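See structure below.
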Amino acid sequence: MGPLAGVGDPLVWGTLRPITAAIGASLALTGNIAGPILFFLAFNTARLAMKWFGLIYGFKKGLDIVKDLSGNILQKLTEGATILGLFIMGVLVTKWTSINVPLVVSRTAGADGKEIITTVQNILDDLVPGLLSLVLTLLMMKLLKKKVSPIALIFILFAVGIIGYGLGILA
């Protein structure tokens with residue numbers, strides 16, 4: 001392994017794998033068998049292509065590769081891949097996180113005689129769809145920055161979910 005191993009590892013394992021895994025898991029959660037297959041093919045194709053072309057590029061350039069990589073190309077590539085990864089994760093947060101507050105605010109009779117029930121969740125979805133998911137995600141990020149253990153956060157979320165469901169606050 002050479003000194004450029006520190007370049008490929010963050011790109012492949014820190015950016016490429018989470019992006020392809022998130023896309024594959026998103027498909028798999030809907031029951032689509034293509035999810036794991038797509039993850040396997042996309043991740044390994046990109047990883048092996050990076051290895052092959054990196055090897056060829058390094059062989060052709062030799063020691064001149066240090067001059068090429070010192071011109072901010074690598075930094076821009078890493079920054080672009082990180083932004084893409086954060087964008088995809090942000091989109092998937094709203095898809096995977098669902099919080100439902102079924103507390104009834106009002107019951108009224110409609111024009112056709114059917115009862116219209118307005119819940120807290122209906123009001124929040126009318127104002128800003130996915131607001132509770134966003135608030136929960138931002139709260140978890142803030143707690144992680146304050147060095148709260150991720151395992152503790154998982155258990156806290158389990159407890160809040162179970163207690164909230166038991167009290168009828170969450171569904």
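No other residue among L92, L48, L86 is assigned to a helix (DSSP H, G or I), aliphatic (A, V, I, L, M) and exposed (fewer than 12 other Cβ atoms within 10 Å of the Cβ) apart from L48. In the set (1) outside any helix (DSSP H, G or I); (2) of a type in the set (A, V, I, L, M); (3) surrounded by 12 or more Cβ atoms within 10 Å (Cβ to Cβ), the condition left unmet by A111 is number (3). Apart from one condition, F158 fits all of (1) at pLDDT below 85; (2) aromatic (F, W, Y); (3) not assigned by TED's automatic domain parsing to the domain that holds P10; the exception is (1). For first residues located in the range 29-49 and on the phi < 0 side of the Ramachandran plot, partners that are among the aliphatic types (A, V, I, L, M) and lie 6+ apart or on another chain with Cβ distances below 6 Å form the pairs A34/L27; G35/L27; G35/A28; P36/A28; F39/A21; A46/L16; R47/V12. Against the numbered list (1) farther than 24 Å from P10 by Cβ; (2) outside the structural domain of P150 (by TED's automatic domain parsing), V120 comes up short only at (2).
For the structure I just gave you, tell me whether A28 is surrounded by 13 or more Cβ atoms within 10 Å (Cβ to Cβ), among the hydrophobic types (A, V, I, L, M, F, W, C), under 29 Å from the mean Cα position of the chain (by Cα) and part of a helix (DSSP H, G or I). Here the answer is yes, as A28 does meet what is asked. Looking only at residues in the range 36-74 that are of a type in the set (V, I, T) and over 31 Å from the mean Cα position of the chain (by Cα), the one that is modelled with the highest pLDDT is I56. The combined condition, being over 26 Å from F158 (Cβ atoms) and surrounded by 11 or more Cβ atoms within 10 Å (Cβ to Cβ), is not fulfilled by L55.
Out of S106, S133, S98, I need the residue that is part of a loop (DSSP other than H, G, I, E, B) and of a type in the set (S, T, Y). Which one? Matching residue, one of S106, S133, S98: S98. Is it the case that V135 is within 16 Å of the chain's Cα centre (by Cα) and farther than 28 Å from V12 by Cα? In short, yes.
The values are calculated or read from the model by the stated rules, or taken from the named source; none is laboratory data. Quantities reported herein were computed from a predicted structural model and do not represent experimental measurements. All Cβ positions, even for glycine, are placed from backbone atoms using ideal geometry, and neighbour counts span all protein chains on display.
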